[in-house]
Amino acid sequence: MEFLCLAPTHSFSTNPNSTKNISIDRTSTTGRIMKMYQNMRGSTVRPSALPLKMSRIVSVPDISAPVVNVPAILPKVDPGELIVNKPTGGDSDELFQYLVDILAAPVYDVAIESPLERAEKLSARLGVNFFIKREDKQSVFSFKLRGAYNMMSNLSKEELAKGVITASAGNHAQGVALAGTRLGSAATIVMPTTTPQIKVDAVKALGGKVVLHGETFDEAQTHALELSQNNGLTFIPPFDAPGVIKGQGTIGTEINRQLKDIHAVFVPVGGGGLIAGVASFFKQVAPNTKIIGVEPFGAASMTLSLYEGHRVKLENVDTFADGVAVALVGEYTFAKCQELIDGMVLVGNDNISSAIKDVYDEGRNILETSGAVSIAGAAAYCEFYKIKNENIVAIASGANMDFSKLHKVTELAGLGSGKEALLATFVIEQPGSFKAFVGLVGSLNISELTYRFTSERKNALILYRVEVDEKSDLEEMIGKMNSSNMNTLNLSHSELAVDHLKHLVGGSANISDEIFCEFTFPEKAGSLSKFLDVFSPRWNITLCRYRDQGDINASVLVGFQIPQSEIDEFKKQADALGYPYEFDNFNEAFNLVVAE
């Protein structure tokens, strides 16, 4: 589902209301978890900053804190626009110890020194020296084995003999499983029941014991922590532990050996372990190199947390880039980012898809969506600020792509690069109007077209894609359309249009009391049945549009026939169901195509 970030001004600044005192019930599950975290981390000083907004979010200063709504009030930010952090520098003794431990980390028992490759086509297009750090070349196709192995290699023989446990739906799971096999320690991996079978099989193949529990990562992690306490297993966090952070920091040592005079290193951010480790190294040995985090607009938990001055938990997370789709960043990692990083940039799913195509064009390699996040951010940053002749590094963090997701990546890639545009044009339905439309498109090649006349409309709607060489050519063509009484809109950045609307150009069925909602379903057997049990036969379902996109969640467009007097009852039922949803009746693109 598309999430809109009504994003930040250009820098993080102080929010005087960001500090709250929270009492902890240590008898509750969250209280026990919080106590465990506090015992692990000691006290942490956390400077203040200010809030960002996205769709609906909730703000929690601590993982045991009550949920508080955050108002949605900030102006728009463009992809690649730097949201500046003002790092505090941190404790010099602690940072020096991080440096020593990163340099001594034994990660090369399982990891390779991944290559730093110059991307020739990207470099030529952007006018910079663009380098990609190829962590997708690791044996598990991800950087995650570094942190897992480093933390586990520092456990005692007794701890290893008892076994380890973690919660993960992806790359961290494989890292822990591999490390457990190499160190002779039984590794239990708790995975959500929504985890694709290919990922479950990959963990088992590496020697991990898989326990499926809960529909979300939070439910899986809570269960893993309970098993850890009950069975004496050491919990290996996906990102929020010094040992994990230091293991990921070895990537920074390699980049520094492989290239000097770097303008900026771009790092994908999920929970924050990778960027915390890279920044801990770089800010001591090459402090002039900018360390910039990259997040999707729909999963901007670190950006929001830095802006708010405490960790912010997202109520809904866009899972397109599932490896960085984290609702709440780590406490260690958040503190390190406040202390060390230079800022964050945000990118759309179309930018990420375009970056996957860029890497494919460079060397016929396919990254996973989260693996391409930093490349998308680095390219967008260079374009936004017109950076030239600088050394730019982006970390390709993984290549565990679900094959079925390639369909959506392909759909979005051309739009994200600006080489394609998705347009909607209304034409007067009369003989010769379609021919006149094609004539006005002119030299721009039509790569996809959907056209259906309906007697319910005054005009016929044409939804189509065109290939674009120069932005000015597209603007000229749209101008010609509009001046010829063919109203034309650019829908290139509407995922609702990309996912659903081209299949619905037949328009409205003129059904009374019809409303439309876009729901986010967990991609698992039984989700549709659970949905129908809530709403049917109470309300008539007038439309349903779904396609598997190879994601953890699925976007499903549904029409209902609901009298206005029953809307509040419908909302209560929808809220109780627990599937995130949005009403589409007020979406401009939707109303143009479906509800006219």
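The values are calculated or read from the model by the stated rules, or taken from the named source; none is laboratory data. It should be emphasised that the depicted structure is a prediction, and the values quoted were computed from it without experimental measurement. Note that we place each Cβ from the backbone using ideal geometry, even for glycine, and neighbour counts take in every protein chain shown. Heavy atoms of the whole protein, side chains included, go into the accessibility calculation; ligands, DNA and RNA do not. Shrake-Rupley method; radii C 1.70, N 1.55, O 1.52, S 1.80 Å.
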If you add up the charges near A124, with Lys and Arg at +1 and Asp and Glu at -1, over every other residue whose beta carbon is less than 14 angstrom from its beta carbon, what do you get? -1
Between S139 and L212, with labels modelled 7 Å along Cα→Cβ, what's the label distance in nm to one decimal, could you check? 2.8
Sorted by mean Cβ packing within 10 Å, highest first, what order do the peptides 227-237, 469-479 take? 227-237, 469-479
Counting only the heavy atoms of the protein chains, how much of C544 is accessible to a 1.4 Å probe, in Å² to the nearest 10? 80
Using +1 on the beta carbon of Lys and Arg, -1 on that of Asp and Glu, and nothing else charged, what's the dipole of region 351-484 about the Cα centre, debye to 20? 340
Among the trypsin sites (Lys or Arg not before Pro) within region 357-432, which fall in a DSSP loop and have no more than 12 other Cβ atoms within 10 Å of their own Cβ? R364, K386, K388
Dipole in debye (nearest 20) - region 251-396, about Cα centre, beta carbon charges: Lys, Arg +1; Asp, Glu -1: 400
Over all directions, average the projected area of the Cα convex hull of region 257-414 and note it in nm². 9.4
Over all directions, how big on average is the projection of the convex hull of the alpha-carbon atoms in region 114-260, in square nanometres? 10.0
Using each residue's phi in region 170-186, evaluate 6.51 cos²θ - 1.76 cosθ + 1.60 at θ = phi - 60° and report the 3J(HN,Hα) Karplus result to the nearest Hz, with x for Gly and Pro. x, 5, 4, 4, 5, x, 5, 4, 5, 4, x, 4, 5, 9, x, 10, 5
Can you list residues whose amide H is under 5 Å from G398's amide H, if they're 5+ apart or on another chain and H is modeled 1.01 Å from N? D136, E368, G371
Any idea which of L122, Y98, S185 is furthest toward the positive side of the dipole for region 83-186, if Lys and Arg beta-carbons carry +1 and Asp and Glu beta-carbons -1? L122
For region 388-495, what is the accessible area per residue in Å², given a 1.4 Å probe and the full set of protein chains? 49
Computed Kirkwood radius, in angstrom, where 1/r is averaged over Cα pairs of region 371-500: 17.0
For region 306-350, state what percent of all Cα-Cα pairs lands in each successive 10 Å bin, counting from 0 Å until the bin that includes the largest distance. 22, 52, 25, 0
Would you mind checking K144/K524; K133/K209; K86/K290; K313/K405 for any pair whose Cα atoms are more than 23 angstrom apart? K144/K524; K133/K209; K313/K405
Taking a virtual spin label 7 Å from the Cα of K121 along the C-beta vector, which residues in region 240-266 bring their backbone nitrogen under 15 Å of it? none
Vicinal HN-Hα couplings computed from phi for region 354-363 (Karplus, 6.51 cos²θ - 1.76 cosθ + 1.60; Hz; Gly/Pro x): 4, 5, 4, 5, 4, 5, 4, 5, 5, x
Accessible surface, 1.4 Å probe, highest first, among residues R118, R134, R125: R125, R118, R134
To the nearest Å², the heavy-atom accessible area per residue of region 88-215 with 1.4 Å probe amounts to 42
Computing the accessible area with a 1.4 Å probe over protein heavy atoms, can you report the carbon and sulfur percentage for region 309-409? 47
Report the full-extension gain for the segment K480 to L577: residue separation times 0.36 nm, less the Cα-Cα distance, to one decimal in nm. 30.2 nm
Under the Karplus relation with 6.51, -1.76 and 1.60 and θ = phi - 60°, whole-Hz ³J(HN,Hα) for region 476-485, x at Gly and Pro, equal 5, 5, 4, x, 5, 4, 5, 6, 9, 6
